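Take a look at the structure below.
The values are calculated or read from the model by the stated rules, or taken from the named source; none is laboratory data. No experiment lies behind these values; they were computed from the predicted model shown. Backbone-built Cβ (ideal geometry, glycine too); neighbour counts: all protein chains shown. SASA here: full protein model, heavy atoms, side chains in, ligands and nucleic acids out. Shrake-Rupley method; radii C 1.70, N 1.55, O 1.52, S 1.80 Å.
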Amino acid sequence: DIIIGGAFTISGTAFTSTSAAMELQGDAAFTGGSFTHHNGLVRFNDAAAENITGTSPGFYDLEFTGRGSSYTISSTGNIDVANSLIISGTSSYTLNAGTINLSGDLNLTNTATGDGGTTTIAFVGTTDQDIISALPVNENSLPAIRINKSGGTLRFPALITVCGNWTYTAGTMDVSTNHSTIVFAKTLTISGNSHTLNNVVFEGNSNWTFTINTGTVLTVTGTLTTNGASGVFINTPVAGATAIQAQGDVLVSNTSTTGGGNGLILINGTGSQAMTSTASASQGLLPYIKIQKTAGTLTLQGAISESRNWVW
């Protein structure tokens, strides 16, 4: 193992890292020469703010430790991670700016709450990739996610929390084996090609707006949930455009008297579905609703409050 307590700079020479763990506790600048990962782990472990500058290197295993840390990726080009990206620690972390192209697994063990930051984690592997996590909601919240796989399957754990923009371009996703739930927990945009997820939660812990871009329809085969005590707004650039196809149950547990949005939820499952509200009247406002079922029964339960047009 190599531990560097201060700043680390490569400005020349061909540097080969250890095949064990190389821990950087200060700024890292890759301004010249070359960096070879030697199939080892590079761990960024700063208790304050750490900057990565220069020309983005390639890593084998890359770890960011949460110690109340802020890591800013301002290096030129995307960071490539060949084997695994690890987010660890017991205190908060944020990843800001830049893109990490991940060809291997994402291992989440950070037990703190936070917003994840603005970095994009891009799943670009050509073989199977796993998101590994056994954490509850809002722990190890992720920054922006992009899925653009040309081969293999991206397999999801039981639950992840996402606080950044979500973009799906291409690739097979397994969201059913672990009965996965994806919690969207901050104002963000869902874009790219239309795709299917299992359980989806739009969380209203603040007045958060979730915008589904034109040309993107999110199909939810499990339960679609809104929760929290602040407004949940589901929007589309064109009012009344289909944002979500709900093919399973719809659960409204959001208790805010604001919310709704201008997007449309199309309820079109072919089996039995339940739209259930545990909120009081005028709470948990829904956006446009269209019910277009070719089979099965939709059962309505509780006080369902509508803020837009309702079409059967």
* Asked: Within the stretch 287-304, which residues are polar (S, T, N, Q) and part of a loop (DSSP other than H, G, I, E, B)?
  -> Gln292, Thr294, Thr297
* From Thr16, Thr94, Thr76, Thr9, residue being closer than 28 Å to Ser141 by Cβ, open to solvent by 50 Å² or more (accessible area, probe 1.4 Å) and out of contact with any Cys (no Cβ under 9 Å at 6 or more places or on another chain) -> Thr76
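Being part of a loop (DSSP other than H, G, I, E, B) and either open to solvent by 40 Å² or more (accessible area, probe 1.4 Å) or farther than 18 Å from Leu197 by Cα (or both) is the filter here; which residues of the stretch 268-286 pass it? Walk me through how you get there before you give the answer.
Residues of the stretch 268-286 part of a loop (DSSP other than H, G, I, E, B): 268-272, 278-285.
Residues satisfying the conditions are Thr270, Ser272, Thr278, Ala279, Ser280, Ala281, Ser282, Gln283, Gly284, Leu285.
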* Tell me, please, whether a residue that is small (Gly, Ala, Ser) and free of Cβ contacts under 8 Å to residues at least 24 places away in the same chain can be found in the stretch 52-59. => no
* Structure fact -> Only one of (1) under 20 Å from the mean Cα position of the chain (by Cα); (2) open to solvent by 10 Å² or more (accessible area, probe 1.4 Å) does not apply to Gly58, and that is (1)
* Matching option when the condition is touching a Ser or Thr at 6+ places or on another chain (Cβ under 7 Å), surrounded by fewer than 21 Cβ atoms within 10 Å (Cβ to Cβ), under 18 Å from Thr181 (Cα atoms) and without any contact (Cβ under 8 Å) to a residue 60 or more places away in the chain, among Gly231, Gly248, Gly222, Gly296 -> Gly248
* Asked: Among Trp166, Trp208, which is at pLDDT 95 or above, of a type in the set (Phe, Trp, Tyr) and over 14 Å from the mean Cα position of the chain (by Cα)?
  -> Trp208
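For (1) of a type in the set (Gly, Ala, Ser); (2) closer than 27 Å to Asp174 by Cβ; (3) surrounded by 16 or more Cβ atoms within 10 Å (Cβ to Cβ), each residue gets a yes or a no:
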residue	(1), (2), (3)
Phe202	no, yes, yes
Thr216	no, yes, yes
Asn227	no, yes, yes
Ile244	no, yes, yes
Asn254	no, no, yes
Thr258	no, no, no
Leu266	no, yes, yes
Tyr288	no, no, yes
Ala303	yes, no, no
* **Matching residues, the stretch 19-36, being open to solvent by 30 Å² or more (accessible area, probe 1.4 Å) and either farther than 21 Å from Thr72 by Cα or not charged (D, E, K, R) (or both)** => Ser19, Ala20, Gln25, Thr31, Gly33, Ser34, Phe35, Thr36
* Look through the stretch 98-124, keep the residues that are in a loop (DSSP other than H, G, I, E, B) and among the hydrophobic types (A, V, I, L, M, F, W, C), and return whichever of them is surrounded by the fewest Cβ atoms within 10 Å (Cβ to Cβ). => Ala112
* Of all residues in the stretch 130-161, which are under 17 Å from Asn83 (Cβ atoms), open to solvent by 50 Å² or more (accessible area, probe 1.4 Å) and aliphatic (A, V, I, L, M)? -> Ile132
* Structure fact -> Screening Ala122, Ala158, Ala134, Ala144 for residues that are among the small types (Gly, Ala, Ser) and either closer than 19 Å to Ile212 by Cβ or in contact with a His (Cβ under 6 Å, 6 or more places away or on another chain) (or both) leaves only Ala144
* Would a scan of the stretch 39-48 turn up a residue that is more than 20 Å from the chain's Cα centre (by Cα), open to solvent by 20 Å² or more (accessible area, probe 1.4 Å), modelled with pLDDT of 95 or more and of a type in the set (A, V, I, L, M)? -> yes
* Every residue from the stretch 249-262 that is assigned to a strand (DSSP E or B) and farther than 18 Å from Asn309 by Cβ -> Leu251
* Structure fact -> Listed by range, strands (runs of 3 or more DSSP E) wholly within the stretch 132-201 having at least 3 residues that are out of contact with any Phe, Trp or Tyr (no Cβ under 7 Å at 6 or more places or on another chain) are 144-155, 159-162, 166-174, 181-184
* Which condition breaks for Thr127 when tested against (1) part of a loop (DSSP other than H, G, I, E, B); (2) open to solvent by less than 10 Å² (accessible area, probe 1.4 Å)? -> (2)
